[in-house]
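Visitor: Let me give you the structure first, and then I'll get to my questions.
The values are calculated or read from the model by the stated rules, or taken from the named source; none is laboratory data. Keep in mind it's a predicted model, so treat the numbers as computed, not measured. Cβ placement follows ideal geometry from the backbone for every residue including glycine, while neighbour counts extend to all protein chains displayed.
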Amino acid sequence: MRNMSENGKEDYIKALGNELGHVERILSKNNEGKGFLMGDQISFADYNLVDLLRNHQVLAPDCLSGSPLLSAYVTRICSRPKLEAFPVMATRTDQSMAMASSEICALI
């Protein structure tokens, strides 16, 4: 995905749907989108992707509306017991994303 500055935010958001479509197609190849990125078990790649997608939802709350598999994927991953117990997963705001990522990694 492209780098974004404040001046390019609108263009970035417009292009986001197309970019997410590529990721949705990759996900669809594993158990029709009901699996994980790298096989039948969750991996760091899944946690990393969910963190990226949640960050994009802060930027553009409806960014997953055209990607039903990705939307369900985020819900599925965030519903895992240890992540569900982590408050920032349910109520992500524009707090420090790096701090949140570090805390999530400590849980897994």
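Visitor: Does residue 71 satisfy being modelled with pLDDT under 95 and either surrounded by 12 or more Cβ atoms within 10 Å (Cβ to Cβ) or among the polar types (S, T, N, Q) (or both)?
Guide: no
Visitor: When the residues of segment 74-108 are filtered to those that are among the hydroxyl-bearing types (Ser, Thr, Tyr) and closer than 26 Å to residue 25 by Cα, which remaining residue is modelled with the lowest pLDDT?
Guide: Filtering segment 74-108 for residues among the hydroxyl-bearing types (Ser, Thr, Tyr) gives 75, 79, 91, 93, 96, 101-102.
From what is left, the residues that are closer than 26 Å to residue 25 by Cα are 75, 79, 101.
Working: 75: 93, 79: 88, 101: 51.
That would be 101.
Visitor: I'd like to verify a number: residues in segment 48-86 that are within 11 Å of the chain's Cα centre (by Cα) and of a type in the set (Ser, Thr, Tyr), how many?
Guide: Qualifying residue count, segment 48-86: 3.
Visitor: Is at least one residue of segment 29-52 of a type outside the set (Ser, Thr, Tyr), more than 23 Å from residue 17 (Cβ to Cβ), part of a loop (DSSP other than H, G, I, E, B) and modelled with pLDDT of 90 or more? First the steps, then the outcome.
Guide: Residues of segment 29-52 of a type outside the set (Ser, Thr, Tyr): 29-42, 44-46, 48-52.
Next cut, more than 23 Å from residue 17 (Cβ to Cβ) only: 31, 38-42, 44.
Narrowing the set further to residues that are part of a loop (DSSP other than H, G, I, E, B) leaves 38, 40-42.
Still in the list and also modelled with pLDDT of 90 or more: 41-42.
Looking through segment 29-52, at least one residue is of a type outside the set (Ser, Thr, Tyr), more than 23 Å from residue 17 (Cβ to Cβ), part of a loop (DSSP other than H, G, I, E, B) and modelled with pLDDT of 90 or more.
Visitor: Quick check on my filter: what residues within segment 56-68 are at pLDDT below 90 and under 20 Å from residue 84 (Cβ atoms)?
Guide: Listed by number, the list holds a single entry, 58.
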